[in-house]
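**Student:** Input: one structure, supplied below.
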C-alpha cells in the first residue's frame, strides 16, 4: 500500500528538514503545498522531493486551512495519507507501527463482515511540547522512552486523525478535520450499522509537535491573531459546539473569561452531549467567582463522565481559590490515582496542604512534583519557602538558585536568596541578591527586611 505525506508550509526553512528526515523510509511520496514562502523552505522541499518522489505545489493562502490541505490531497497518488506540519516529527521507532496499521486495515477491508465497514483512518496523539508546566492535562516527560521528548519538561496530548484513506477531504477553515468526510459514509446503506470506532481507530503513535517551544514570540503572536480571526469567521459561517469550544479556549488564553464562558455555554447549547466542555466551564466560573455555577457544572461532569480528570483538576483549582482546601485535596488525590504523572496536581496538593498548615505533607507532594518536572518553577519556589521555614538554609539556597535559573525575573526569589545568604553569613552574595531584588521591585515590607541589621 502506497503512503503519501501531505503538508502545507510557509517559511518553515528552520524546521522542515528535520520533519522530512523523520519520515524517510516510511512514506512513498511527499506532497508539499507552499503558501508563499520567502526563505529556503521551497529549496529544502524540492531537494527532498527529488530524492523521495512527489511534488512541491504553489498555492495562494485564502485564510482557510481546509482549502490548502485539500490542495495537497489533490496531488497525492498514495492509497493512504499521512499529514504532518513542518514543526512535527514521527519517531523512527514508530515507522513499523504505521506500516503495520495500514497493512492490517487494507487486508481487513478485503474481507467481508456483517457491516461491510472498513477502517478509514487513525487517530494519532499530537504531543504538543511546552516550555513549562501549563494547563490541566500537562504530562511530564520524566521517564518517557522517546528521544524526541528529552529536551522538554512535558506535553499536552491531542488526538487528531493524521492517517487516513485517500478518498476523504478536509472541512473547517481552522482546526480542519477529515472527520465529517469519514462520518458521511454512515449515510450509505452498507455503513448504516457502523460505529465510529469501526471507521476510525486509535493508533499508539505520537506526533511530536515543537511549535510551542521553537517559534519566536512574534511568530506565536501572529499565529494566535490569525487563528482568532479565522475562529470568529468559522463561528459565523459554520457554528458548532466544536467551533465555540475552540474560540472559547482562545478567549481563555487572552484571559477574557466572560467571553470564554459564553462560548463554552453556547457549545453545550449546540450539542448537549459535548461533555468535554465541562472542565472549561468550571475553570471560567472559578475565575469569575461564580462558585455555585462551578459546583453545578462539576456535578454534571461527574454524572456524564465519572473519570473526567480535567474536570477534577479544574474543580480542585476552583476550591483552592475559594479556600475550601479539603475539597481541593479530594479532587487532586482522585486525579492522581488515575493519572500519576500530572505534575500540576502534585503542586496543587502541596499548596492545599501548605495552606492548611500541614507542611510535611506539602513537602512530600512538592518533592514528587519536581522529580517529575524539574522545570516547574513555582514548585521549586514553594519548596524553598518550606525549607526556609524549617531553617534548612543550605538546601533552600540550592533550590532558590534553581528558581532564578528557570526564571530570572522573580523579585521574591532574589529577596529570599538575600535573606538566606545573610543567615549563612555570605555577605557579598547577600548584597548582590539584595540589589537584584530591589532592581526588580519588592514591596515596602520586603525592602525593610533587606535593610534590617
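**Student:** What number of residues within segment 8-20 are in contact (Cβ under 8 Å) with a residue 40 or more places away in the chain and either assigned to a loop (DSSP other than H, G, I, E, B) or surrounded by fewer than 22 Cβ atoms within 10 Å (Cβ to Cβ) (or both)?
**Tutor:** Count: 5.
Residue-wise test of (1) out of contact with any strand residue (DSSP E or B) (no Cβ under 7 Å at 6 or more places or on another chain); (2) over 30 Å from residue 420 (Cα atoms); (3) surrounded by fewer than 18 Cβ atoms within 10 Å (Cβ to Cβ).
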| residue | (1), (2), (3) |
| --- | --- |
| 295 | yes, yes, yes |
| 300 | yes, yes, yes |
| 317 | yes, yes, no |
| 330 | yes, yes, yes |
| 333 | yes, yes, yes |
| 366 | yes, no, no |
| 370 | yes, no, no |
| 375 | yes, no, no |
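**Student:** Kindly establish whether residue 344 is assigned to a helix (DSSP H, G or I), touching a helix residue (DSSP H, G or I) at 6+ places or on another chain (Cβ under 8 Å), crowded, with 16+ Cβ neighbours inside 10 Å and at pLDDT 95 or above.
**Tutor:** No.
**Student:** Right, next: Could you count how many residues in segment 264-295 are within 23 Å of residue 316 (Cβ to Cβ) and in a helix (DSSP H, G or I)?
**Tutor:** Residues in segment 264-295 being within 23 Å of residue 316 (Cβ to Cβ) and in a helix (DSSP H, G or I): 22 in total.
**Student:** With respect to residue 49, is the statement that it is in a strand (DSSP E or B) and over 26 Å from the mean Cα position of the chain (by Cα) true?
**Tutor:** It is false that residue 49 is in a strand (DSSP E or B) and over 26 Å from the mean Cα position of the chain (by Cα).
**Student:** With respect to residue 227, determine if the residue is more than 26 Å from residue 303 (Cβ to Cβ), within 17 Å of the chain's Cα centre (by Cα), surrounded by 14 or more Cβ atoms within 10 Å (Cβ to Cβ) and without any contact (Cβ under 8 Å) to a residue 60 or more places away in the chain.
**Tutor:** Yes.
**Student:** So, of the residues in segment 247-263 that are out of contact with any helix residue (DSSP H, G or I) (no Cβ under 6 Å at 6 or more places or on another chain) and in a helix (DSSP H, G or I), which turns out to be farthest from residue 230 (Cα to Cα)?
**Tutor:** 258
**Student:** Report, by residue number, each residue of segment 166-203 that is assigned to a strand (DSSP E or B) and either in contact with a helix residue (DSSP H, G or I) (Cβ under 8 Å, 6 or more places away or on another chain) or crowded, with 21+ Cβ neighbours inside 10 Å (or both).
**Tutor:** Once the filter is applied, which keeps residues that are assigned to a strand (DSSP E or B) and either in contact with a helix residue (DSSP H, G or I) (Cβ under 8 Å, 6 or more places away or on another chain) or crowded, with 21+ Cβ neighbours inside 10 Å (or both), segment 166-203 yields 171, 200, 201, 203.
**Student:** Still on this structure, please answer the following. Just give me the residues in segment 296-316 being more than 19 Å from the chain's Cα centre (by Cα) and not in a helix (DSSP H, G or I), in sequence order.
**Tutor:** Within segment 296-316, 305, 306, 307 qualify.
**Student:** Let me spell it out: the conditions are (1) surrounded by fewer than 24 Cβ atoms within 10 Å (Cβ to Cβ); (2) in contact (Cβ under 8 Å) with a residue 24 or more places away in the chain, and residue 350 meets all of them except one. Which number is the exception?
**Tutor:** (1)
**Student:** Hey, another quick one. Among the residues of segment 137-154, write down those that are surrounded by 16 or more Cβ atoms within 10 Å (Cβ to Cβ), over 22 Å from residue 367 (Cβ atoms) and either free of Cβ contacts under 8 Å to residues at least 40 places away in the same chain or touching a helix residue (DSSP H, G or I) at 6+ places or on another chain (Cβ under 7 Å) (or both).
**Tutor:** Across segment 137-154, the qualifying residue is only 137.
The values are calculated or read from the model by the stated rules, or taken from the named source; none is laboratory data. Just so you know, these numbers come straight off a predicted model, no measurement behind them. Quick reminder, even Gly has a Cβ in these numbers, built from the backbone with ideal geometry, and neighbours come from all protein chains shown.
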